[in-house]
1. Summarise the accessible area of the chain (1.4 Å probe, protein heavy atoms) by the percent that is carbon and sulfur.
2. Out of L46, G16, P4, whose Cα points farthest toward the positive end of the dipole of the chain (charges: +1 Lys, Arg; -1 Asp, Glu; placed on Cβ)?
3. Please check: in the Gaussian network model of the chain (C-alpha springs, under 10 Å), which one of V42, V51, V19 has the largest mean-square fluctuation.
4. Which value, in Å², gives the accessible area per residue of the chain when a 1.4 Å probe is used on the protein heavy atoms?
5. Tell me, which longest segment in the chain has none of the GluC sites (Glu not before Pro) that fall in DSSP loops with at most 15 further Cβ atoms within 10 Å?
6. Tabulate in residue order the Karplus-calculated ³J(HN,Hα) for segment 60-66, using 6.51 cos²θ - 1.76 cosθ + 1.60 with θ = phi - 60°, rounded to whole Hz; enter x for Gly and Pro.
7. Would you look at the GNM of the chain, springs on alpha carbons closer than 10 Å, and say which of S53, S26, S36 moves the most?
8. Ignoring everything but the protein chains, give the 1.4 Å probe accessible area of K61 in square angstrom, nearest 10.
Amino acid sequence: TRLPEQCTITIYTVTGEKVRVIEHRSGGNEWWDLRSYNNQEVAPGLYIYVVESGDAKKIDKFAIIR
């Protein structure tokens, strides 16, 4: 939520493995289908995301619980 108009969202596991890259181009919210870059369903657990827009960068974490 509250994303910049254009940004790149990269999602990683806590061990640093890249899970998915999402190119956001419309401001507001972005939805993720909980699938990795090779279309596999991701496992429950802790993930790290990086939102990059221009020279601004935001790094945080979230959990997937099923």
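The values are calculated or read from the model by the stated rules, or taken from the named source; none is laboratory data. This is a predicted model, so every value here is computed, not measured. Backbone-built Cβ (ideal geometry, glycine too); neighbour counts: all protein chains shown. The accessibility values were calculated without ligands, DNA or RNA, using every heavy atom of the protein model including side chains. Shrake-Rupley method; radii C 1.70, N 1.55, O 1.52, S 1.80 Å.
1. Working: 2390 of 4820 Å².
Of all accessible area on the chain, carbon and sulfur atoms account for 50 percent.
2. Toward the positive end, the furthest listed residue is L46.
3. Sorting by GNM fluctuation, first place goes to V42.
4. Numbers: 4820 Å² over 66 residues.
It amounts to 73 Å² per residue over the chain.
5. Working: sites that count: E5, E17, E30.
Answer - 31-66.
6. Whole-Hz 3J(HN,Hα) from phi for segment 60-66: 7, 9, 8, 10, 10, 10, 10.
7. Comparing S53, S26, S36 in the GNM, the peak value goes to S26.
8. 130
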